[in-house]
Amino acid sequence: MHMPITPPRLPGRPRLPHPTRGGGLFLVVLALLTTLPALGLMIAAGIPAAAHGTPMKPGSRTFLCRQDGLTGTGEIRPVNPACEAARRTGGTTPFYDWFSVLRPDGAGRTRGFVPDGRLCSGGNPDFTGFDLARDDWPVTRLTAGATVDFSCNAWAAHPGWFHVHVTKDGYDPAEPLTWSETEDQPFLAVDHPPLNGTPGTVDAHYSWSGRLPSGKTGRHIVYMVWQRTDSAETFCSCSDVVFDGGDGEVTGVHDPGGPGGLRPAPAPRPAGPPAPGPTGTSQR
């Protein structure tokens, strides 16, 4: 009769007990407790899961309205009436995702692809509040025919080209923007401009210089299209501008130090010393 042989236990590390159901649940709860606070901070700060970019010079509607509405606590409370109307239309999420006005299926298509009246949102339903036809959006003051610096935020760096359009003479900001109101051809096209700064920050941007169209006066929209060359994503944006001899000054963005909460237009420089008064004193 053969007896079963039990192999001797070799010295070494002690055997670990098999995890119990209760122990596994404890580990899951512990992981959640350590992860959720960090996730909550990201949500409160408006940090997105994915990000891209939008024009900063001249500032797009989403960029300037974010500046207008962002408080020190990270809340969105717009002061500019057009920005507030956009918030009432689409909530605050578009203000946190100010760099994501895009069509993932755009592949460079714009005219005839993006519907009339939806140019500023690129046809993206998340940003319809920025399609509102109003004449009180924040504006950048420019001089027609001048050579200026352009920049587009690069929260996430994407290779590609930029086409910059402008509205035709007679554009009415109180009417929905249509393709027939934009010039047929872009006044500027740039292929793979240099990247400055570190992506993932507001300061990261693509930059280039270009000449503004001549003969423009009054309110207009600079319409920029950014087409990625490594995917079909196409970004669209509206930058409200006024051609009045300005040098890039922005008006209509909340400024606690300005009258009425809005930054006033630059005061004209005096042409010379004040004229003497009737008694020989200077008039002030």
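The values are calculated or read from the model by the stated rules, or taken from the named source; none is laboratory data. Since we're looking at a predicted model, the values are computed, not measured. Heads up, the Cβs are rebuilt from the backbone with ideal geometry, glycines too, and the neighbour counts pull from every protein chain shown. All accessible areas refer to the heavy atoms of the entire protein, side chains included, with ligands and DNA or RNA removed. Shrake-Rupley method; radii C 1.70, N 1.55, O 1.52, S 1.80 Å.
Just so you know, the Cα atoms of segment 158-230 work out to an Rg and Dmax of 14.4, 40 Å. Projecting the Cα positions of V202, H220, F235 onto the charge dipole of segment 176-236 (unit charges on Cβ atoms of Lys, Arg, Asp and Glu, taken about the Cα centre) puts H220 furthest along the positive direction.
Against the globular-protein guess of 2.2 N^0.38 Å, express the Cα radius of gyration of segment 194-260 as a ratio, rounded to two decimals.
On the way: Rg = 15.7 Å, N = 67, 2.2 N^0.38 = 10.9 Å.
Taking the Cα Rg and dividing by 2.2 N^0.38 Å, one obtains 1.44.
Projecting the Cα atoms of F95, A85, H163 onto the dipole axis of segment 76-192, where Lys and Arg carry +1 and Asp and Glu carry -1 at the beta carbon, places F95 farthest toward the positive end.
For segment 138-198, the per residue solvent-accessible surface stands at 44 Å², with DNA, RNA and ligands left out and a 1.4 Å probe.
Would you please calculate the Kirkwood hydrodynamic radius of segment 99-220 over all C-alpha pairs and express it in Å, rounded to one decimal? If you can, show how the numbers build up before the last one.
Working: mean 1/r = 0.0629 Å⁻¹.
About 15.9 Å for segment 99-220.
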